[in-house]
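S.K.: Before anything else, here's the structure in question.
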Amino acid sequence: MEAQRAVSWRNYSVTLVIMAINIAGYILCTQMGEVVYNIGSINAEKILVDRQYYRFVTAIFLHADAEHIVGNMIYLIGLGQMVEQMIGHIRFAILYLLSGFGASISSILYAVLTGDIYDAVGASGAVFGLIGALFILLVIRDMERRARRRSCEAGIMPDQMDILDANGRVIPDGYERISAGKMVFVVAYMIYSGARAARVDNAAHVGGLVCGLLIMAIMNLIKTGGYKG
């Protein structure tokens with residue numbers, strides 16, 4: 001069994017970079033006010049009619065107020081440092097950006113279907129993508145452990161703890177205490193709370209979550225060629 005390696009900020013450097021961009025975006029908003037929101041928010045009319053597609057990116061790095069950004073950054077650092085350590089920097093960056101993009105598309109579709117055209121900003125859609133990705137990682141973890149347990153009982157392989165993942169990455173602190181079942185209840189509560197709260201783009205949350213689930217599942221299939229446990 002390999003020795004566990006020390007964990008440093010380099011293991012989740014992309015998470016820190018994303019956080020820094022969000023903070024810089026918020027500072028810019030406080031200095032320039034509505035100008036930044038008018039230019040960078042998600043707005044179905046401005047994207048579909050005026051073709052301002054850059055808003056898919058800019059909107060996920062802007063926040064409405066201090067409470068908004070603090071809440072999202074707490075979730076980002078907590079989820080990001082776990083997911084990034086498990087899947088690596090490049091795949092994490094792809095996951096985050098595509099989840100944010102999917103969340104924005106979901107927000108636009110909701111606006112068009114309901115006829116309620118609004119401006120939306122925030123990283124929460126991408127953060128929900130990280131939640132979806134972590135759920136898939138937990139499911140894969142539990143499936144692999146059941147397969148390993150069966151192999152150990154059959155004497156095919158020695159019993160051992162998986163301190164490192166398949167790529168030799170350190171399993172993050174707290175990862176062992178999370179279960180897929182618990183996450184289902186947490187996500188259900190978060191979506192329910194978002195649906196009842198004012199000024200919350202719950203369509204983006206659901207879209208980001210679904211994208212995170214799909215992207216992480218696809219990434220795992222590409223990596224393994226399909227689960228063989």
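Only the coordinates and a few stated rules stand behind these numbers; no lab work does. Quantities reported herein were computed from a predicted structural model and do not represent experimental measurements. No Cβ is skipped: glycine too gets one built from the backbone with ideal geometry, and neighbour counts run over all protein chains shown.
S.K.: State, to one decimal in nm, how far the label point of VAL70 lies from the label point of ARG148, with both points 7 Å from Cα in the Cβ direction.
M.R.: Here the answer is 4.0 nm between the modelled labels.
S.K.: I need the peptides 82-89, 65-72 ranked by packing, meaning the mean over residues of other C-beta atoms within 10 angstrom, with the highest value on top. Don't jump to the answer; show the numbers that get you there.
M.R.: Values: 82-89: 21.6, 65-72: 14.6.
So the order, starting with the most tightly packed, is 82-89, 65-72.
S.K.: Among LYS223, LYS46, what is the fewest-to-most ranking by other Cβ atoms within 10 Å? Each step should come with its number before you reach the end.
M.R.: Details: LYS223 12, LYS46 17.
Sorted ascending by nearby Cβ count, the order is LYS223, LYS46.
S.K.: Compare the Cα positions of PHE56, LEU109, PHE135 along the charge dipole of the chain (+1 at Cβ of Lys, Arg; -1 at Cβ of Asp, Glu; about the Cα centre) and return the one farthest towards the positive end.
M.R.: After comparing all options, I get PHE135.
S.K.: Going by how many other Cβ atoms sit within 10 Å of their own, how do TYR54, TYR110 line up, fewest first? Let's see the in-between values first.
M.R.: Values: TYR54 11, TYR110 19.
Ascending Cβ contact count within 10 Å gives the list TYR54, TYR110.
S.K.: Counting only the backbone N, which residues of the stretch 127-146 are under 16 Å from the spot 7 Å out from the Cα of LEU221 toward its beta-carbon?
M.R.: Residues passing the 16 Å test: 133, 136-137, 140.
S.K.: Going by a ≥ b ≥ c, the root eigenvalues of the Cα gyration tensor, does the stretch 9-224 fall in the rounded group (a/c under 1.5), the prolate group (a/b larger than b/c) or the oblate group?
M.R.: Details: a/c = 2.39, a/b = 1.98, b/c = 1.20.
Here the stretch 9-224 falls in the prolate category.
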